[in-house]
Amino acid sequence: MNTNQTPKKNIWQNIIPLICVALPVLILDWGTKRLVENYIALESRGIQIIPGFFNLRHDRNSGAAFGVLAGHRFLLIFITVVALIFIFAYYLRFRESRWMQVSLGFLLGGAIGNFIDRIFLGEVIDFLQFGIASKGLFWPTFNVADISICIGAGMLIVYLFQNRNQHQET
């Protein structure tokens, strides 16, 4: 063996950043949903944090974002499993990039957080509501897992856009 060669890196060597992002997201998502479930009545007005702008509520969503595919639990579970496969495939392909490790950690934590709700509750607990009460305009309620998925997806898009020429299939 040539001693000048660097040893081939273990594919699991860089998984720590992925786990260090996904696990806290998962714990925070699970914990906040349990608090909401135990202390805020389902579909009540909730708790006003910033009157007229930000409320904590207890809503249930049987669909994906904006209620898309509502009532299609098994399809959404299947889509989540496909997303988890995608996350691990991207990890294997881009595991040397810290940016991608963190991005995929956000995606993993969020996907698993909502996946747990769908498996055990049949729907997802949402509780963060923003809007302009005087106009009756509110963004659909969401949760920590949704925030994490958006952050991860945004980071993934930035990475792929900035490196689009380096990672084209040959």
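Pairing each residue of segment 98-123 that is under 20 Å from Gly67 (Cβ atoms) and touching a residue at least 60 places away in the same chain (Cβ under 8 Å) with any residue that is among the β-branched types (Val, Ile, Thr) and assigned to a helix (DSSP H, G or I), provided the two are 6+ apart or on different chains, yields C-beta distances under 7 Å for Gly110/Val25; Gly110/Ile149; Gly113/Val25; Gly113/Val144.
Going through (1) among the β-branched types (Val, Ile, Thr); (2) exposed (fewer than 11 other Cβ atoms within 10 Å of the Cβ); (3) closer than 30 Å to Ile132 by Cβ; (4) at pLDDT 95 or above one by one, Ile49 falls short only on (2).
Any residue that is surrounded by 15 or more Cβ atoms within 10 Å (Cβ to Cβ) and touching a Ser or Thr at 6+ places or on another chain (Cβ under 7 Å) - is there at least one of those in segment 91-108? Yes, segment 91-108 contains a residue that is surrounded by 15 or more Cβ atoms within 10 Å (Cβ to Cβ) and touching a Ser or Thr at 6+ places or on another chain (Cβ under 7 Å).
Of all residues in segment 18-46, those satisfying the criterion of being surrounded by 15 or more Cβ atoms within 10 Å (Cβ to Cβ) and not acidic (Asp, Glu) are Leu18, Val21, Ala22, Val25, Leu26, Leu28, Trp30, Thr32, Lys33, Val36, Ile40, Gly46. In the set Phe130, Phe120, only one residue is more than 29 Å from Ile50 (Cα to Cα) and of a type in the set (Phe, Trp, Tyr); that residue is Phe120. All of (1) buried (at least 17 other Cβ atoms within 10 Å of the Cβ); (2) modelled with pLDDT under 95; (3) β-branched (Val, Ile, Thr) hold for Val68 with one exception: (1). Residue by residue through segment 119-152, note down the ones that are at pLDDT 95 or above, among the charged types (D, E, K, R) and either surrounded by fewer than 19 Cβ atoms within 10 Å (Cβ to Cβ) or under 17 Å from Ser44 (Cβ atoms) (or both). If the condition is that a residue be at pLDDT 95 or above, among the charged types (D, E, K, R) and either surrounded by fewer than 19 Cβ atoms within 10 Å (Cβ to Cβ) or under 17 Å from Ser44 (Cβ atoms) (or both), then Glu123, Asp126 are the ones that fit.
Residue count for segment 50-65, restricted to those that are touching a residue at least 40 places away in the same chain (Cβ under 8 Å) and in a strand (DSSP E or B): 8. Listed conditions (1) over 17 Å from the mean Cα position of the chain (by Cα); (2) modelled with pLDDT under 95; (3) surrounded by 12 or more Cβ atoms within 10 Å (Cβ to Cβ) are all met by Thr170, apart from (3).
For beta carbons closer than 7 Å, sequence separation of 6+ or different chains, a first residue in segment 29-49 that is without any contact (Cβ under 8 Å) to a residue 24 or more places away in the chain and outside any helix (DSSP H, G or I) and a second that is of a type in the set (A, V, I, L, M, F, W, C) and exposed (fewer than 12 other Cβ atoms within 10 Å of the Cβ), there are no qualifying pairs.
The values are calculated or read from the model by the stated rules, or taken from the named source; none is laboratory data. Keep in mind that what you see is a predicted model, and the values were worked out from it rather than measured. As a convention, Cβ positions derive from the backbone with ideal geometry for all residues, glycine included, and neighbour counts pool all protein chains shown.
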